[in-house]
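The values are calculated or read from the model by the stated rules, or taken from the named source; none is laboratory data. All figures in this text were calculated on a predicted structure; none of them were measured in a lab. No Cβ is skipped: glycine too gets one built from the backbone with ideal geometry, and neighbour counts run over all protein chains shown.
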Amino acid sequence: MAQVAVTETEFQRKLKHLLEKDDSDCKLLVDVYNEVKTYAENSSLVRENVLQFDPTFFERVRQGVTDLTEADRPILVIGETSAGKSSFLNLLIGRKVLPELTRPCTHCMCCIKKGTTLEARVSSFNSSKLSEPQIISGVGKSDKEFRAQLQELVNEDNCERTLDRCIEIFVPSSILEDKVYLVDTPGFGENERVTKSLVKYLPKAIGIIFILNATVSLGIADDRGVLILDEIKRLREEGKIPSFDPTKVLFIANKWDQVTIDEREVHRREMIEKMKAVWPNFQEDQLLPLSVTYVTRLQSRDCSNVPTDYDTATADYQSVLDKIRAIVEHCGNARSQVHKGFLLRVFKHMKTFVDATVTYTLLSAEEKKMKVENLQSLVTVMDSTYEKGKQAIDGLAGLVQRKLVDDVYDYLNNPANTNEIFPWSSSNRPKGKEYAAAKQKEYVAIRGFIADAIGKRIANSQQTIEHLTNRMSGFTLELKGIQEQIENLLKDTDEDVLGQRGSDEETQFRVYDSGLSKAAIATIVATSPLWIPLGIAGVVTVLPIGAAVDFAKRKYKLAKYNANPGEHLSRWSKKIIRAGYSKPTLNYIIFSRLTTQIEEEMNRIEKSISEFRFILQHLEKNMESDVVPEGYYDIRNLCRRMDENLTKTQLS
């Protein structure tokens, strides 16, 4: 087949400009990381400062440099087996080069990249060298011939040999751009090796497109797709995919043509509600309906099998394209934005130290003594306020937790309640050969039962919860006020000691204030009851369903089910709940979000107090001196260099 000439689109030109700017930003940020590291290695005062800011600073530098030198920006296309991932990608690139079968047909990662000619190469996504590289050229071949050869590379036998096996497919296409490419992944749920391979690749991704089968399990099965989403959430919470934005995951409800026109709106609402239950902060516009089959037929002018009641197929596809472009534009520079934010916080920390030292050096002995005493007093008040507030909040939060957890635990383990989870009668109970379907429906039933139990008890405790959040709000604002007093004390003069020593040493730093205003803090804390419904949304995700799957595999076989289906299902439900919903587990499930929020706020305050104590100790040590302390000029020069480079990354 003759190679297709592809004209560059406006989107590609815009994306190319963004990527060129981001490449430049990444290089500047790497320079900043390395420069701070060099200064810290050669100056004890710089080293003391950066380690006070972050004890793991040198590891953060190493990880940052590695992350920022990663040029590729892959977007994963994931989904359960036979959801239509390969067909979707063929539609996007405008050619049928990927195998499309009703059975699982992709068994390893396929990286679809921009190329001048059609070609496929066997590689490894961890950059290791393969002993026997294979290349398939599409020159002189039809897409069907190329697809047949590619099928051999992605089959199960070949891909089983190595976990890191990857196929790079280069395609002339207007949807692709250098460094940003799409990755066709094996369908998960069939093979543990496939799941491990996908999880290993996740930290490389800047975005995810999740293909849902709209006709099965509301698009996502509890024992397959939900488990993968749980793993993604876990990796993000552990900081292993820091540049990943969960609000930019696109969920495409494929096979929408198979949902009747009368059922579509109800079905869409049900899918949205399910996604809200399994994905944090899910927004309705993240779910888009699509029929890959019918859009493909329409594009090929084969309208004979396109239903007349699905006249929005083309518009649906255009919405998908627009959303993908928006995601790519948002995520294309995600890595640099994350690292820039961290380095700006380092700069602010260093500059606070510089300001405090400059203003302090200008003072008389008596003024120095007074300033140290005032600073000591404010830090002591802040520390005392923090400890009292923390104890009060911990006590109140503990009271709420104990009451809710005890109530939920008692409800879940009440036989009168658990007997209602699985209300099938003998007439409509699945037969032995339908055991897999019974398990699937049981997972869904348990999920609903748990969420309903927690939701009702949280509603009953709303007044206590509001009291807790009001206490948190007042406590946070009080500490913010003290912090502002300390910061003003540290920079309470307009004179510039460096300016007095010569104009060549003058320096004016820009202000990079990543802190929140009082109003912003009040708004955030006042809305903290949101952690409750969000907590419900994430309920029964990682531990419970995982426990259910393992429990089913270990304990219950088909023969036992056939012996006494009714008793088996009832006993199974109760044992899953006992195994997966102990009091510690319930405490984690219900309160993990609140606990995280409180811990983050407390850590921020503790960090501020620690920084102020560090500055106080430094000022006390230099109370008798009227000269700038040794090592100060290193910090001042480092701040100036950071200021210059970080400013360049913000220019358009």
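What is the one condition in (1) of a type in the set (S, T, N, Q); (2) part of a helix (DSSP H, G or I); (3) in contact (Cβ under 8 Å) with a residue 60 or more places away in the chain that T247 does not satisfy?
So the condition that T247 fails would be (3).
Please work out if L375 is in the same structural domain as I458 (by TED's automatic domain parsing), in contact (Cβ under 8 Å) with a residue 40 or more places away in the chain and in a helix (DSSP H, G or I).
Considered against the rule, which asks whether it is in the same structural domain as I458 (by TED's automatic domain parsing), in contact (Cβ under 8 Å) with a residue 40 or more places away in the chain and in a helix (DSSP H, G or I), L375 comes out as yes.
With over 29 Å from E59 (Cα atoms) and not basic (K, R) as the only criterion, which of D285, D230 stands out?
So the residue among D285, D230 that is over 29 Å from E59 (Cα atoms) and not basic (K, R) is D285.
Could you list, in sequence order, all residues of region 28-47 that are farther than 18 Å from T66 by Cβ and in contact (Cβ under 8 Å) with a residue 60 or more places away in the chain?
Y39, N42, S43, S44, L45, V46
To keep it simple, each residue is scored yes or no on (1) under 24 Å from D322 (Cβ atoms); (2) aliphatic (A, V, I, L, M).
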| position | (1), (2) |
| --- | --- |
| R224 | no, no |
| I228 | no, yes |
| D245 | yes, no |
| V266 | no, yes |
| E270 | no, no |
| V278 | no, yes |
| E284 | yes, no |
| V295 | yes, yes |
| R301 | yes, no |
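Could you list, in sequence order, all residues of region 323-347 that are of a type in the set (D, E, K, R) and surrounded by fewer than 20 Cβ atoms within 10 Å (Cβ to Cβ)?
Answer for region 323-347, where residues must be of a type in the set (D, E, K, R) and surrounded by fewer than 20 Cβ atoms within 10 Å (Cβ to Cβ): K323, R325, E329, R345.
If I75 satisfies all but one of (1) part of a helix (DSSP H, G or I); (2) touching a residue at least 24 places away in the same chain (Cβ under 8 Å); (3) within 30 Å of L227 (Cβ to Cβ); (4) not small (G, A, S), what's the number of the condition it fails?
Status for I75: all satisfied but (1).
Could you check region 261-367 for helices (runs of 4 or more DSSP H) lying wholly inside it with 1 or more residues that are within 29 Å of K607 (Cα to Cα) and not polar (S, T, N, Q)?
Where helices (runs of 4 or more DSSP H) fall fully within region 261-367 and carry at least 1 residues being within 29 Å of K607 (Cα to Cα) and not polar (S, T, N, Q), they are 334-361.
Suppose the filter is assigned by TED's automatic domain parsing to the domain that holds L218 and surrounded by fewer than 22 Cβ atoms within 10 Å (Cβ to Cβ); does T69 pass it?
no
For region 395-418, which positions are assigned to a helix (DSSP H, G or I), over 23 Å from E466 (Cα atoms) and either outside the structural domain of R457 (by TED's automatic domain parsing) or not β-branched (V, I, T) (or both)?
D410, Y411, L412, P415, A416, N417
So that you can scan it fast, the table gives a plain yes or no per residue for (1) of a type outside the set (S, T, N, Q); (2) within 30 Å of the chain's Cα centre (by Cα); (3) modelled with pLDDT of 65 or more:
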| site | (1), (2), (3) |
| --- | --- |
| I590 | yes, yes, yes |
| I609 | yes, yes, yes |
| L616 | yes, no, yes |
| N622 | no, no, yes |
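Scan region 368-384 and tell me whether some residue there is within 30 Å of N587 (Cα to Cα) and modelled with pLDDT of 85 or more.
The answer is yes; a qualifying residue exists.
Of the residues in region 167-183, how many are touching a residue at least 60 places away in the same chain (Cβ under 8 Å), over 19 Å from L250 (Cβ atoms) and surrounded by 23 or more Cβ atoms within 10 Å (Cβ to Cβ)?
The total comes to 2.
Just wondering, is there one or more residues in region 172-192 that are of a type in the set (D, E, K, R), in a loop (DSSP other than H, G, I, E, B) and closer than 14 Å to G79 by Cβ?
Within region 172-192 (the criterion being of a type in the set (D, E, K, R), in a loop (DSSP other than H, G, I, E, B) and closer than 14 Å to G79 by Cβ), the answer is yes, since at least one residue qualifies.
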